[in-house]
1. Return only the number of the condition from (1) more than 13 Å from chain C (Cβ to nearest Cβ); (2) within 28 Å of D:Ala77 (Cα to Cα) that E:Ala51 does not satisfy.
2. Restricting to the stretch E:81-93, name every residue that is under 15 Å from the mean Cα position of the chain (by Cα) and surrounded by fewer than 22 Cβ atoms within 10 Å (Cβ to Cβ).
3. Go through chain D and tell me which strands (runs of 3 or more DSSP E), entirely inside it, have 1 or more residues that are without any contact (Cβ under 8 Å) to a residue 40 or more places away in the chain.
4. In the stretch A:1-18, which residue that is surrounded by fewer than 21 Cβ atoms within 10 Å (Cβ to Cβ) and out of contact with any Leu (no Cβ under 9 Å at 6 or more places or on another chain) is farthest from the other protein chains (Cβ to nearest Cβ)?
5. Go through the stretch B:13-61 and give me each residue that's aliphatic (A, V, I, L, M) and under 16 Å from C:Arg87 (Cα atoms).
6. Name the residues in the stretch C:1-21 that are over 30 Å from B:Cys27 (Cα atoms) and either more than 17 Å from the chain's Cα centre (by Cα) or small (Gly, Ala, Ser) (or both), would you?
7. How many residues does the stretch E:53-84 hold that are out of contact with any Gly (no Cβ under 6 Å at 6 or more places or on another chain) and of a type in the set (S, T, N, Q)?
Amino acid sequence: MKVGRVVGTVVSTINAPVFDGRRLLVCDLLDASGRPEGGYLICVDTVGAGAGEAVLIVDEGNSARQVVGMDPAPIRAIVVGIVDEMRVDGEAVVREG
Amino acid sequence: MKVGRVVGTVVSTINAPVFDGRRLLVCDLLDASGRPEGGYLICVDTVGAGAGEAVLIVDEGNSARQVVGMDPAPIRAIVVGIVDEMRVDGEAVVREG
Amino acid sequence: MKVGRVVGTVVSTINAPVFDGRRLLVCDLLDASGRPEGGYLICVDTVGAGAGEAVLIVDEGNSARQVVGMDPAPIRAIVVGIVDEMRVDGEAVVREG
Amino acid sequence: MKVGRVVGTVVSTINAPVFDGRRLLVCDLLDASGRPEGGYLICVDTVGAGAGEAVLIVDEGNSARQVVGMDPAPIRAIVVGIVDEMRVDGEAVVREG
Amino acid sequence: MKVGRVVGTVVSTINAPVFDGRRLLVCDLLDASGRPEGGYLICVDTVGAGAGEAVLIVDEGNSARQVVGMDPAPIRAIVVGIVDEMRVDGEAVVREG
């Protein structure tokens, strides 16, 4: 899994029920110091994550289908949780709230 | 998932029914600012995406087989939607139409 | 999926029936301009691809097992087709024959 | 599989039973000389790994679900063991205890 | 699949039967000229590969579980064969024995 930060959204007309009423988030991937590492993933939101929030991402199809409770579904990356704190080498590199 | 842009096509003689009558698109992968990041994927088109259009790509075999409704099928990356807008840090980095 | 070019072969003694009588191809991965991007994959040939030919590669275990018609089988990357033409930005970056 | 080193933890509110009572570890990935290679993974701990310990990581959904004994579960990377020693070219590049 | 070279071993206490009595090999990944490309994988040995030998690696969970004949099992990368020869552009870039 990876830690990311919500930086945007994607609006797309998709002919697959799994996307109905679900937001697609642009999530910058963070490195172990809590800074953007340069990559991103488009993730389906399952927790109501807002802009700027740090999130835990699982990028695997079966995990994603299980979380949304729909199989089959063409989906791979999802946000499974808001990150309250990420500590590395004793320092809080990510801390929310 | 990733956002890409259709930049070309591949014509290939493939002995697998899943490819009959389906176009193979060359999709540049876009970074979070909407510009090509350097990589690409060959994706099966399922939405009638045209040259220059921004698209949402799912790169996972089970997702791809579910969208085309054929299993087994040797297929991994598909275009699942046209991207109408991708907003990052409050700015529309991709906007169609 | 990716487009590659056959540049060599691997001879290996493997104790798995799926490899009996099948060639292992060294395939350079091509970028969107049709040039080697630096990486490669060892792919099981399923179409009789020859040295120098451009090919379509699917790198996913379930796809590979379906094409060879053998499951279980320890196999992941396969050549599924010869690429006749790859067009990018209106130009033929790969054209065979 | 990869060898990593535990450098931190992530605290996240996740609405999925598989994460209840399990720690999420920030694991730097190590290169073949035992030094951090720059990347990391957030892994579910299954062995009680402590800060600074070298660990063996399996980054695959089915493996992860099998180790935690819960399926379905949105989980991909897990720590499956403490690394006692990693020897490369006759030298112990990682040695614990 | 990829070609690698055995450069070391990992000793790890793992509470999963699939690892009992099996060696974990540190395998440098080789590029298409037969030289280390910088990455490596920890692979379960299934062929008795020795230090310095070139090997064929399959990095996929289902393949790995099939080769070891144990499912479920938390395992992803395996050595499936010793590479006798890897020829690229008419030259033997790897040749054993």
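The values are calculated or read from the model by the stated rules, or taken from the named source; none is laboratory data. What you are looking at is a predicted structure, and each value in this text was computed from that prediction instead of being measured. Glycine also receives a Cβ, built like all others from the backbone with ideal geometry; neighbour counts cover every protein chain displayed.
1. E:Ala51 satisfies every listed condition except (2).
2. Listed by number, the residues that qualify are E:Ile82, E:Asp84.
3. Working: elements: D:2-14, D:24-30, D:36-45, D:54-59, D:77-88, D:91-95.
Once the strands (runs of 3 or more DSSP E) in chain D are filtered for at least 1 residues that are without any contact (Cβ under 8 Å) to a residue 40 or more places away in the chain, what remains is D:2-14, D:24-30, D:36-45, D:77-88, D:91-95.
4. The qualifying residue farthest from the other protein chains (Cβ to nearest Cβ) is A:Pro17.
5. Start the filter on the stretch B:13-61 by keeping residues that are aliphatic (A, V, I, L, M), which leaves B:14, B:16, B:18, B:24-26, B:29-30, B:32, B:41-42, B:44, B:47, B:49, B:51, B:54-58.
Residues satisfying the conditions are B:Leu24, B:Leu25, B:Val26, B:Leu41, B:Ile42, B:Val44, B:Ala49, B:Ala51.
6. Start the filter on the stretch C:1-21 by keeping residues that are over 30 Å from B:Cys27 (Cα atoms), which leaves C:10-21.
Once the filter is applied, which keeps residues that are over 30 Å from B:Cys27 (Cα atoms) and either more than 17 Å from the chain's Cα centre (by Cα) or small (Gly, Ala, Ser) (or both), the stretch C:1-21 yields C:Ser12, C:Thr13, C:Ile14, C:Asn15, C:Ala16, C:Pro17, C:Asp20, C:Gly21.
7. Keep residues of the stretch E:53-84 that are out of contact with any Gly (no Cβ under 6 Å at 6 or more places or on another chain), which gives E:53-54, E:58-59, E:61, E:64-75, E:77-84.
Remaining after also requiring of a type in the set (S, T, N, Q): E:66.
Counting residues in the stretch E:53-84 that are out of contact with any Gly (no Cβ under 6 Å at 6 or more places or on another chain) and of a type in the set (S, T, N, Q) gives 1.
Conditions (1) more than 9 Å from chain D (Cβ to nearest Cβ); (2) touching a Lys or Arg at 6+ places or on another chain (Cβ under 8 Å); (3) within 15 Å of D:Ser12 (Cα to Cα); (4) of a type outside the set (Asp, Glu), marked per residue:
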| site | (1), (2), (3), (4) |
| --- | --- |
| A:Asp28 | yes, yes, no, no |
| A:Pro36 | yes, yes, no, yes |
| A:Val55 | no, yes, yes, yes |
| A:Ser63 | no, yes, no, yes |
| A:Val68 | yes, yes, no, yes |
| A:Arg95 | yes, no, yes, yes |
